[in-house]
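Right, one structure below, let's go through it.
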There are 2 protein chains.
Amino acid sequence: MKIRLYNARILTMQQDEEIFHGEVWIYGERIVYVGDGTDTEEVCNRNNTIGKIWDREIDCQGNLLMPGFKDVHTHSGMTLLRSYADDLPLHDWLNKQIFPVEAKMTGEDIRILTKLAILEYLTSGITAIGDMYLTPHTIAEACKEMGMRCVIIGTLNNYVQSVKLQEECILRYREDDPLLSFIPGIHAEYTCSKELLKDMAELVHTYKTPVFTHLSETEKEVRECQERYGMTPVAFLEQMGLFDYGGAGHHCVYVTKEDMQILARKGVSAVTNPASNLKLASGVAPITELWKAGVNIAIGTDGPASNNCLDMFREMFLVTGLAKMREHDAAAVKAGEVLQMATVNGAKALQLADVDVLAEGKLADMIMIDLHQPNMQPLQNIANNVVYSGSKQNVKMTMIHGKILYENGIFSVGEEPEAIYAQVYKIQKRITG
Amino acid sequence: MKIRLYNARILTMQQDEEIFHGEVWIYGERIVYVGDGTDTEEVCNRNNTIGKIWDREIDCQGNLLMPGFKDVHTHSGMTLLRSYADDLPLHDWLNKQIFPVEAKMTGEDIRILTKLAILEYLTSGITAIGDMYLTPHTIAEACKEMGMRCVIIGTLNNYVQSVKLQEECILRYREDDPLLSFIPGIHAEYTCSKELLKDMAELVHTYKTPVFTHLSETEKEVRECQERYGMTPVAFLEQMGLFDYGGAGHHCVYVTKEDMQILARKGVSAVTNPASNLKLASGVAPITELWKAGVNIAIGTDGPASNNCLDMFREMFLVTGLAKMREHDAAAVKAGEVLQMATVNGAKALQLADVDVLAEGKLADMIMIDLHQPNMQPLQNIANNVVYSGSKQNVKMTMIHGKILYENGIFSVGEEPEAIYAQVYKIQKRITG
């Protein structure tokens, strides 16, 4: 498809670039033009594969085009557990409610449950996810069927997955589909034996790959790791060689100054999940300090069992709101910094350099924010409006890999939402009903 | 209009009543039937003014009908200041940015700016507001023009409004319009001289009226009051006799155990504004303790300059999420309690006994929540879904006083949103542009 989106406000998220009025051209899966529209003749002349014949021209009516949000830490298949076991402490919640239900879920269940999550990502302008869940291949199927960009994240521990599976996935998803990639992951230090971590470190070195993991989410986790190994989880995993090619730590609520230095030095991103950390009473991550330490901070929703929704607008407000509260400083973490975390830094964490900003040659992962809704008026500072006032209601269009998957409330994902809900209902009846 | 809404899930918010499947009938501004639909013949026979001839029948498609949200503390006219002066500490923000701009605003400006806010309330399922702002009469005009239910709140201080104006408003809005009422208010202890508070207390006793005020929002405010009067703001205002007929305190972030006892004893509601308290780095209100002390807790968005949006879904999540964090207890403040604060308790605080729940004889202030959106699936626990996963995107219909003012994204408020935006733009150009 050749699509021209014109009469738009554009926030490319390229460094220090202000919002401007212009247009974006898509050829297939790539952006071939982003600009104010005055130099399009020149562009066509310079590159004779580019012309002005369109499959579709979209008048953006002054609305905002920007890169899609990257939800770097989620567990899509946990849609089954939305509102199933709320208001419980993390460790009880995980051991008594979540793990027993997960034990009953099949790969096919997870394929369907992931589809439900994908519908919601699209409503929230999320164009790429880092999905850490049990069955990589059926997550992959769901994403391919619906057109979702996904970095499948391993979630090895003593009970599920294996180092062999991680390796198999590394090889398979190098080539399987342009929407998919794989990064090995361990669920967390506290669910993996030292032997398992050693084997994993070997894999990391063989493939020179980053590793993702839940990291220092609760005080209990850090305390127990210190009792076990005399080190924080960050220091321990580094010592094991797991961070030698970077990676990402999810949550990072209880990280020390030394931990932050390790994360910065090793190129390990901190993925903050503020809604989940509130709902499970885990705490508030030290975003300002991580930022100052030079750590790449990205944002995740976490899974719908612990959040309970997949809404980057809520997360963005919380990232800055909680930092302001924590630092007793209303100037902490400005709106522009939050947008950077939600887009560019997220792409960096997920190793998706091709979808970070809107620019010629990049993949077309883009959203349109409806500025004609009352919560976006007046247009005094549009970026601040998005972070402080935005909601799912403002997502007018979500495009992934050049395809419009969601537009004006209608999904184009090859299946009707109600059909997916009906399949989820059957799973729910069987497992939790 | 006679409207029948059928095939609905219904959450009446009457004590301990579960969600059930049924229908709601509206005659004019009142609800004449709420039930499962099996006893409608009997209802018609019993009351011969009720029949089955409808102006409109709405198939709710299994969506949820519930009472509208009550936004008990807001400053609608501050839409002008959305994203105008973000990321500043409260007192600088108020004195250096907000007050100077407000000095340039006319009553006519506020009428228009309030209309912009009303559009947003409707998108968020807010059916009644406690609007504390500078020019009561032009707030009243805006609400009447658009059909918004509003309790206009006085905001007396040393610089704006007067006790005489409060009295005039008490008398005028007893009768002016069924959508409107008035409760006198003082901006805050720290902006009123003792003499002014004495005069206000006299008014309170003459009219046996509750009083609303900003109350113990920041540590600075409490400290300075203690320096001035040797008492907390709560204790001082009580001693002045201002709470002798109840009222409401907005924010209540820094209240002592003794303060809580005063609030409970005097029937003063605590109106929590969690998003504003985060954004201005004020702190986190002790919701669990206030609840245990027996204080009526309601929820407000605060004005769009300090929030920056008018979104009860965000506030609801924050009320419970922040309480969980503050108490280090994921079981703190359950979803059902939050819904009670956002509806029944809000109505109580605003002295609007007729719009608290869905029941025969009550005024028809009601919303429809779209359960066919992915963030509401599966339907494991619908009330929890609303609180933990809900967003403006789920508001399918907002009805006030029996009139549908917002439905499927379309406003029916006598004016097009774009026309209001254009008027706001002119004000913005003149004042802040």
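What follows draws every value from the coordinates through simple rules; no lab data is involved. None of these values were measured; they are calculated from a predicted model. With ideal geometry, Cβ positions are generated from the backbone for all residues, glycine too; neighbour counts draw on all protein chains shown.
Derived scalar couplings between HN and Hα for the range B:281-297 equal 6, 7, x, 10, 5, x, 4, 4, 5, 4, 4, 5, 6, x, 7, 6, 9 Hz in order, rounded to whole Hz, by the Karplus curve 6.51 cos²θ - 1.76 cosθ + 1.60 (θ = phi - 60°), x for Gly and Pro. Just to confirm the number: angle between the C-alpha axis of helix A:417-431 and the first principal axis of chain A, 0 to 90 degrees, nearest 10? The angle comes out at about 10 degrees. Pairs over the 20 Å Cα-Cα cut-off, from the set A:Lys115/A:Lys392; B:Lys266/B:Lys324; A:Lys104/A:Lys429; A:Lys266/A:Lys292; A:Lys266/A:Lys348: B:Lys266/B:Lys324. I need the inter-copy label distances for A:Ile53: point set 7 Å along Cα to C-beta, values in nm with one decimal, smallest first. Inter-copy label distances (nm, one decimal, shortest first): 6.3. Amide H contacts under 5 Å for A:Tyr406: A:Thr398, A:Ser412, restricted to partners 5 or more places along the chain or on a different chain, H placed in the peptide plane at 1.01 Å from N. About its Cα centre, the protein assembly as shown has a charge dipole of approximately 220 debye under the convention of +1 per Lys or Arg Cβ and -1 per Asp or Glu Cβ, with nothing else charged.
For the range A:317-433, the alpha-carbon coordinates run over 49, 41, 35 Å along the three principal axes, in decreasing order.
Once the Cβ-Cβ distance of A:Ser193 and A:Glu168 is raised to the sixth power relative to R0 = 22 Å, the FRET efficiency obtained is 0.60. Within the range A:83-115, whose backbone N sits under 17 Å from a point 7 Å along Cα→Cβ of A:Lys426? Of the residues in the range A:83-115, A:105-115 have backbone N under 17 Å from the label point off A:Lys426. Only aspartates and glutamates eight or more places from A:Lys279 in sequence, or on another chain, were considered; those with a Cα closer than 16 Å are A:Asp86, A:Asp87, A:Asp92, A:Glu217, A:Glu219, A:Asp302, A:Asp311, A:Glu315, B:Glu315, B:Glu327, B:Asp329, B:Glu337. Springs between Cα atoms under 10 Å define the GNM used for chain B, and in it the highest mean-square fluctuation of B:Asn296, B:Asn345, B:Asn381 occurs at B:Asn381.
The largest-to-smallest principal axis extents of the Cα set in the range A:69-353 are 47, 41, 39 Å.
Taking amide H positions as modeled 1.01 Å from N, with prolines and chain starts lacking one, the residues under 5 Å from A:Phe212 and 5 or more places away or on another chain are A:Gly185, A:Ile186, A:Ala248. Taking the fewest neighbouring Cβ atoms within 10 Å as the starting point, the ordered list for B:Thr320, B:Thr114, A:Thr40 is A:Thr40, B:Thr320, B:Thr114. Ordered by the number of other Cβ atoms lying within 10 Å of each residue's own Cβ, fewest first, A:Ile404, B:Ile170 fall into the sequence B:Ile170, A:Ile404. If the reach is capped at under 22 angstrom between alpha carbons, list the lysines near A:Lys2, excluding any in the same chain fewer than eight residues apart. Within the straight-line cut-off, A:Lys2 pairs with A:Lys52, A:Lys144, A:Lys362, A:Lys396, A:Lys403.
Across the range A:252-264, rounded Karplus estimates of 3J(HN,Hα) from the backbone phi angles (6.51 cos²θ - 1.76 cosθ + 1.60, θ = phi - 60°) give 6, 7, 10, 10, 7, 4, 5, 4, 4, 5, 4, 4, 5 Hz, Gly and Pro being marked x. Of the residues A:Asn48, A:Asn157, A:Asn385, the one that moves most in a GNM of chain A with alpha-carbon contacts below 10 Å is A:Asn48. For A:Phe20 and A:Tyr245, what does the FRET efficiency come to when R0 = 41 Å and r is the distance between their Cβ atoms, rounded to the nearest 0.05? About 0.60, to the nearest 0.05.
At q = 0.18, 0.22 Å⁻¹, what base-10 log of I(q)/I(0) does the Debye formula yield for the range A:1-106 when every alpha carbon is treated as an equal point scatterer in vacuo? So the normalised log intensities work out to -0.86, -1.20.
Residues in the range B:213-220 carry Karplus couplings, in order, of 7, 5, 8, 6, 7, 10, 4, 4 Hz; the curve used is 6.51 cos²θ - 1.76 cosθ + 1.60 with θ = phi - 60°, and Gly or Pro positions show x. For A:Tyr133, the residues 5 or more places off, or on other chains, whose built amide H falls under 5 Å of its own are A:Ile153. With the convex hull of its Cα atoms as the shape, the range B:177-281 has an orientation-averaged projected area of 7.3 nm². Arranged from fewest to most other beta-carbon atoms within 10 Å of their beta carbon, B:Ser124, B:Ser162 become B:Ser162, B:Ser124. Here the sum of -39500 (n - 2.57) over DSSP H runs of 4 or more residues, divided by the residues of chain A, equals -9500 deg cm²/dmol at 222 nm, to the nearest 500. Cα centroids of the range B:385-433 and the range B:155-185: 26 Å apart. So what does the Cα-only Debye profile of the protein assembly as shown read at q = 0.10, 0.11 Å⁻¹, as log10 I(q)/I(0), no solvent term? With no solvent term, the Cα-only Debye profile gives -1.09, -1.30.
Mind jotting down the distance between the C-alpha centroids of the range A:333-384 and the range B:332-367, whole Å? Each part's Cα centre sits 37 Å from the other's. Applying a 4.7 Å cutoff between beta carbons, the unpaired cysteines of chain B are B:Cys44, B:Cys60, B:Cys169, B:Cys192, B:Cys225, B:Cys252, B:Cys309.
With a simple spin-label model that places each label point 7 Å from the Cα along the Cα-to-Cβ direction, the separation between B:Gln61 and A:Glu416 comes to 1.0 nm.
Taking the range A:191-265 as the region of interest, the number of lysine pairs whose Cα atoms are within less than 23 Å, with members eight or more places apart or on different chains, is 4.
Mean sequence separation of contacting Cα pairs (under 8 Å, at least six apart), scaled by the length of the range A:70-179, corresponds to a relative contact order of 29 percent. Normalised by the number of residues in chain B, the mean separation of alpha-carbon contacts (under 8 Å, six or more apart) gives a relative contact order of 20 percent.
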